[in-house]
Amino acid sequence: MKQAETGKKAWRNDAYSKVTGQAEYCDDLKVHGMAHAVPVYSSEVHAEIISIETEEARSFPGVLSVITAGDIPGEIRYGQIYKDYHMLADDRIRFNGDVIAIVVAQKREQAVAAAKLVRLNAKPLPPLLDPEEALKDGASLVHEDHIFEGKSCNITNHHKIRRGNVSAAFKECDFVIERKFNTQYIEHSYLEPESGLCIPRYDGVMEVMGSMQHPFSTRRFVAAILGAKLSDVEVRSVAVGGGFGGKDDTAALVCARAALAAKILNKPVKMTYDREWSFRESYKRHPYIIYYKMGIKNGKIHAAEVKIIADSGAYCSVTPWVTWRSTVQCCGPYEVEHVHCDTYGVYTNNVFTGAMRGFGSPQLNFAIEQLVDIAAEKLGISPVEFRKQNMLRQGSTTITGQVLDTHTVSLDQVFEETLKRMDYESKLAKCSRGRADENSDELYGTGLALSYRGMSLGAEGMDFNSAIINVQPDGSILLEAAIHENGQGAESAFILIAAGELGTSVDRIRYRQPSTSNIPDGGTTVASRGTIMGGGAVVTATRELKRKLAMALCCRLSCNPGDIRFFNDRIYGKTDDVFLTYEQAVHEMYLQQEIPYAFGVFKAPKVSWDEETGKGNAYFTWVYGCQAVELTVNRKTGKVKLLNMTAAHEVGRAINMPMILGQIYGGMAMGAGYGLMEEVKVKDGIIQNTNFNTYKIPRAADLPEMQAIVIENGDPLSPSGAKGIGEPANELMAPAIANAVYNATGIRYYSSPLKITVENENNNK
Amino acid sequence: MKTTINNKVYELNDEAADRNLLDYLREELDLTGAKNGCGKGLCGACTILADNKAVKACRQKVSFIDGKEVLTIEGMSGPGGKLHPLQQSFIDCGAVQCGFCTPGMILTAHAFLLKNNNPSRDEVRKAITPNLCRCTGYQQIIDAIMNAAVNYG
Ligand code: FES
Ligand code: FES
């Protein structure tokens with residue numbers, strides 16, 4: 001174990017451009033002759049479309065075109081798993097964010113004004129808004145042509161775990177805890193709303209730039225709407241103002257619609273969303289209903305029965321993948337002998353839901369980590385001791401039957417480090433538990449939560465990535481990997497990894513502006529897979545490059561290829577006085593007609609999964625985390641004040657320490673929002689809060705000072721040794737807060753965000 | 001109308017007076033460092049300084065800057081692109097992730113440090129509360145502002 005050195009200066013390849021305002025985000029771009037497109041929504045939640053009247057809008061000054069589904073030359077429907085999303089609504093409105101038309105005008109203000117003139121004639125249908133109703137036989141169908149397991153229904157997916165025998169096991173238990181939990185919709189709230197700029201190019205290619213986190217997925221959406229081949233579309237990266245999982249489907253749809261307009265008008269078209277449209281249309285984190293039954297025997301979690309219902313909203317997006325992770329991790333980082341889990345994704349007429357940082361784990365952790373505290377209290381032991389008795393350790397078997405022996409299981413380390421840094425157990429003893437001091441209305445509490453998390457996509461996805469490294473004639477290096485920079489610092493991490501492998505300074509390496517036409521599709525930049533997968537590919541590519549250099553240069557350096565060493569920004573032979581600069585090395589390569597170029601692929605090690613039993617090695621490696629919080633609750637006002645948040649995360653090997661710390665701080669902050677403040681309020685299918693005055697995300701004054709502990713245990717299955725941190729950092733703070741609020745007030749909250757009930761004035765003693 | 005933006009004098013057409021200031025800066029003057037994150041004065045991504053006071057450009061009309069000295073992020077760095085110590089501090093402290101909040105955050109911090117060059121962390125926390133950042137949890141932003149304070153005054 002190596003602890004992070006702090007105080008190290010941060011480095012990013014894009015920091016200069018970002019602090020000077022030079023970094024170009026999509027809406028900052030301007031192209032000659034560019035038109036502006038905006039979406040048109042309707043007031044309906046669920047309705048059959050009779051007609052869409054566009055005449056009046058068309059004749060508005062400056063309007064170039066009003067486009068509806070009938071104008072789409074390619075596919076109207078698309079989607080990542082099911083092709084259920086009508087990129088422009090044609091037959092029905094399925095949720096309030098459905099786009100019925102796009103208006104294109106010379107100026108954006110003109111398009112915005114004209115959009116109000118588009119009229120929808122529709123026959124309203126009763127909306128289906130309750131996911132539990134939607135699951136029932138005979139419920140009306142959100143998608144009439146959707147078939148799951150041979151029948152028409154609203155179920156998008158059903159995942160299972162069948163381990164041991166729960167009904168027998170519950171009978172053996174000393175006690176059983178049964179609770180229902182509800183979690184809320186969360187808006188990603190990336191600070192930059194969606195934007196896309198599409199340019200029909202001289203060579204027939206539709207060039208796309210956009211605020212997105214998955215250029216290859218965007219390319220598929222664009223190609224689909226245009227009826228074009230993938231090679232006819234080139235998606236290029238620009239600076240992205242945050243993603244958090246939220247800039248996949250909706251961002252791709254914005255680009256696809258802009259591309260459609262660009263194609264129809266044969267001119268560049270930009271479509272930039274304002275915050276209200278983004279809130280209305282973009283997918284959210286799934287709200288979950290979780291029925292949880294946990295049985296305890298001899299101080300151990302003996303059995304768990306879990307039923308999870310995830311509201312997918314009007315479209316499927318990646319609900320089956322999100323809920324798969326919830327299923328695999330449904331018992332938290334504990335050994336449990338008997339598990340029965342059923343997880344359903346279900347269509348409703350609510351706003352659709354998809355990927356968000358955490359990807360199905362924040363919901364489950366909110367339940368599990370509270371249940372663990374409840375169980376400890378019933379046993380009369382400390383929640384620390386109870387966790388120690390149950391947690392996964394080196395060689396433990398997970399609930400899906402995976403033996404954790406290929407990497408260091410760091411759960412006890414992250415736990416111990418947090419306990420130590422917080423002085424947790426002595427603070428636990430000081431908690432108010434509903435009783436404030438004589439002269440104070442502040443109730444004090446502390447709480448924590450633990451998790452483990454499967455890295456990357458796991459058994460639900462194809463998981464591989466590639467990188468290209470290309471040394472230029474002057475010895476400078478171009479690097480690229482098929483992972484997208486969303487703001488997290490992926491490009492910088494790859495440069496650092498390559499520089500480490502090649503023994504060069506970071507200045508020698510430039511990250512090439514990525515494009516879908518440069519490099520093979522490496523899958524989406526989600527699942528905290530950027531560093532582990534892209535970094536793995538970068539290591540493979542640099543090692544291949546070093547092999548090529550060694551073969552070509554060994555004669556010049558009078559040694560065997562195996563003797564060649566890369567450090568100090570040079571290439572050395574056996575002794576330190578024999579070396580070549582990179583420029584000399586490239587020259588030598590060229591003389592030998594060798595190209596100093598390498599392509600590297602990292603394929604994730606094999607994983608497995610059985611859909612019927614829920615058995616398998618779900619992920620090839622795991623990370624471990626612990627977060628704790630201290631807070632006070634004012635018993636008169638219910639106001640929570642966070643005093644301190646502390647996290648310990650194991651990350652494999654740390655590549656860019658200040659950026660890891662930034663991920664942890666940002667993750668804790670977002671987790672605090674999940675626990676205490678954030679909730680997309682949906683009334684009769686319509687989102688009520690569509691900007692930051694009513695949808696509150698944490699501001700600086702809402703947050704306390706934070707501490708982050710980074711634990712490094714290089715992972716043998718990751719070529720760079722690194723794993724990931726984006727999501728683990730965001731899956732723990734809400735349950736830690738819920739436990740702390742309980743320890744402060746003596747009241748348990750089973751729904752997020754916590755809505756603290758205020759003591760009735762009269763009840764005060 | 002006459003205004004100074006980043007030390008450059010502009011004569012603005014009277015017809016521009018009623019236009020939204022943020023749109024005007026971005027669309028007409030190509031000063032795209034100020035961002036539109038909410039359009040309603042809620043996020044601070046569009047922050048500029050007018051006579052050294054932080055202003056949310058999305059809530060103002062162009063006429064607001066008539067006769068004022070305006071600083072946008074484009075005017076923060078010195079000749080040859082030399083970074084202002086506050087900008088350098090943002091880089092060094094790891095205060096930049098996606099960067100969308102960064103221009104507004106730097107300008108809000110700049111206005112604050114001009115008035116208070118020896119702040120406590122709590123004062124800094126309060127000062128940047130009008131500006132949202134979704135990436136960083138503000139911790140390293142506060143570090144950056146604290147570190148840069150010595151350069152003021
Ligand atoms: S864009 Fe002006 S405050 Fe958000
Ligand atoms: S760095 Fe992304 S919003 Fe602040």
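The values are calculated or read from the model by the stated rules, or taken from the named source; none is laboratory data. Just so it is clear, the structure is predicted and the values come from calculations on it, not from any experiment. Positions of Cβ are backbone-derived with ideal geometry, glycine not excepted, and every protein chain shown enters the neighbour counts. Note: accessible area is taken over every heavy atom of the protein model, side chains too, but ligands, DNA and RNA are not part of it. Shrake-Rupley method; radii C 1.70, N 1.55, O 1.52, S 1.80 Å.
Couple of notes before you dig in:
- Taking first residues from region B:17-32 that are among the basic types (Lys, Arg) and partners that are at pLDDT 95 or above and within 16 Å of ligand 2 (Cβ to nearest atom), the Cβ contacts under 9 Å between residues at least 6 apart in sequence or on separate chains come to B:Arg26/A:Asp27; B:Arg26/A:Asp28; B:Arg26/B:Gly33; B:Arg26/B:Ala34; B:Arg26/B:Lys35; B:Arg26/B:Asn36; B:Arg26/B:Cys46.
- Candidate set from region B:65-80 (those that are part of a loop (DSSP other than H, G, I, E, B) and in contact (Cβ under 8 Å) with a residue 60 or more places away in the chain); member that is farthest from the other protein chains (Cβ to nearest Cβ): B:Gly67
- Of the residues B:Gly94, B:Gly41, the single one that is away from ligand 2 (no atom under 16 Å from the Cβ) and in a loop (DSSP other than H, G, I, E, B) is B:Gly41.
- Complete set of residues in region A:252-278 that are in contact with a helix residue (DSSP H, G or I) (Cβ under 7 Å, 6 or more places away or on another chain) and within 16 Å of ligand 2 (Cβ to nearest atom): none
- Search result, residues across region A:12-50 that are on the phi > 0 side of the Ramachandran plot and within 8 Å of another protein chain (Cβ to nearest Cβ): A:Gly21
- Here region B:29-54 is the region considered, the condition is being among the charged types (D, E, K, R) and within 11 Å of chain A (Cβ to nearest Cβ), and the residue that is surrounded by the most Cβ atoms within 10 Å (Cβ to Cβ) is B:Lys35.
- Per the conditions (1) buried (at least 23 other Cβ atoms within 10 Å of the Cβ); (2) more than 13 Å from the chain's Cα centre (by Cα); (3) within 12 Å of chain A (Cβ to nearest Cβ); (4) within 16 Å of ligand 1 (Cβ to nearest atom), the sole criterion not satisfied by B:Val62 is (3).
- Cβ separations smaller than 7 Å between residues 6+ apart or across chains give the following pairs from region A:156-182 residues that are under 24 Å from A:Ala459 (Cα atoms) to residues that are open to solvent by 70 Å² or more (accessible area, probe 1.4 Å) and modelled with pLDDT of 95 or more: A:Gly164/A:Glu337.
- Counted residues, region A:409-438 - those being more than 18 Å from A:Thr646 (Cβ to Cβ) and crowded, with 21+ Cβ neighbours inside 10 Å: 1
- Residue that is more than 30 Å from A:Gly714 (Cα to Cα) and assigned to a strand (DSSP E or B), where the choices are A:Val103, A:Val99: A:Val103
- Residue selected from region A:639-671 under the condition part of a strand (DSSP E or B) and open to solvent by less than 10 Å² (accessible area, probe 1.4 Å), by the criterion farthest from A:Val741 (Cα to Cα): A:Gly652
- Looking at A:Tyr619, A:Tyr674, just one residue is touching a strand residue (DSSP E or B) at 6+ places or on another chain (Cβ under 8 Å), under 30 Å from A:Glu149 (Cβ atoms) and open to solvent by less than 10 Å² (accessible area, probe 1.4 Å), and that residue is A:Tyr619.
- Exactly one residue among B:Lys35, B:Lys82 is among the charged types (D, E, K, R) and away from ligand 1 (no atom under 16 Å from the Cβ), and that residue is B:Lys82.
- Selection status of A:Ile72, farther than 30 Å from B:Tyr24 by Cα, over 25 Å from the mean Cα position of the chain (by Cα), open to solvent by 60 Å² or more (accessible area, probe 1.4 Å) and of a type in the set (Val, Ile, Thr): no
- Test: residue in region A:210-225 that is in the same structural domain as A:Ile67 (by TED's automatic domain parsing), in a strand (DSSP E or B) and in contact with a helix residue (DSSP H, G or I) (Cβ under 9 Å, 6 or more places away or on another chain): yes
- Pairs where the first residue, in region A:677-703, is assigned to a helix (DSSP H, G or I) and the second is charged (D, E, K, R), C-beta under 7 Å, 6+ apart: A:Ala700/B:Arg125; A:Ala701/B:Arg125; A:Ala701/B:Lys126
- Among the conditions (1) open to solvent by less than 10 Å² (accessible area, probe 1.4 Å); (2) free of Cβ contacts under 8 Å to residues at least 60 places away in the same chain, B:Leu83 misses just one, which is (1).
- Of the criteria (1) within 12 Å of chain A (Cβ to nearest Cβ); (2) within 16 Å of ligand 1 (Cβ to nearest atom); (3) more than 12 Å from the chain's Cα centre (by Cα); (4) in a helix (DSSP H, G or I), which one B:Gln88 fails: (2)
- Test: A:Ile737 is farther than 23 Å from A:Ala490 by Cβ and either within 14 Å of another protein chain (Cβ to nearest Cβ) or assigned to a helix (DSSP H, G or I) (or both): yes
- Residue within region B:109-131 that is within 7 Å of chain A (Cβ to nearest Cβ), of a type outside the set (Phe, Trp, Tyr), part of a helix (DSSP H, G or I) and in contact with a Leu (Cβ under 6 Å, 6 or more places away or on another chain) present: no
- Screening region A:235-318 for strands (runs of 3 or more DSSP E) wholly inside it with 1 or more residues that are within 14 Å of chain B (Cβ to nearest Cβ) returns the ranges A:269-272.
- Any hit, region A:741-756, residues being within 14 Å of chain B (Cβ to nearest Cβ), surrounded by fewer than 20 Cβ atoms within 10 Å (Cβ to Cβ) and either touching a residue at least 60 places away in the same chain (Cβ under 8 Å) or among the aromatic types (Phe, Trp, Tyr) (or both): no
- From A:Asp507, A:Asp569, residue being at positive phi, open to solvent by 20 Å² or more (accessible area, probe 1.4 Å), at pLDDT 90 or above and out of contact with any Pro (no Cβ under 6 Å at 6 or more places or on another chain): A:Asp569
- Filtering region A:238-262 to residues that are of a type in the set (Gly, Ala, Ser) and either free of Cβ contacts under 8 Å to residues at least 24 places away in the same chain or away from ligand 1 (no atom under 16 Å from the Cβ) (or both) leaves A:Ala239, A:Gly243, A:Gly245, A:Gly246, A:Ala251, A:Ala252, A:Ala256, A:Ala258, A:Ala259, A:Ala261, A:Ala262.
- Scanning region A:113-137 for residues that are farther than 21 Å from A:Ala310 by Cβ and open to solvent by 50 Å² or more (accessible area, probe 1.4 Å) yields A:Lys116, A:Arg119, A:Asn121, A:Lys123, A:Pro124, A:Pro126.
- Annotation: B:Ala109 fulfils all but one of (1) within 15 Å of ligand 1 (Cβ to nearest atom); (2) over 18 Å from A:Ala10 (Cα atoms); (3) buried (at least 18 other Cβ atoms within 10 Å of the Cβ); the unmet one is (1).
- Test: residue in region B:7-16 that is in contact (Cβ under 8 Å) with a residue 24 or more places away in the chain, away from ligand 2 (no atom under 16 Å from the Cβ), over 17 Å from the mean Cα position of the chain (by Cα) and open to solvent by 60 Å² or more (accessible area, probe 1.4 Å): no
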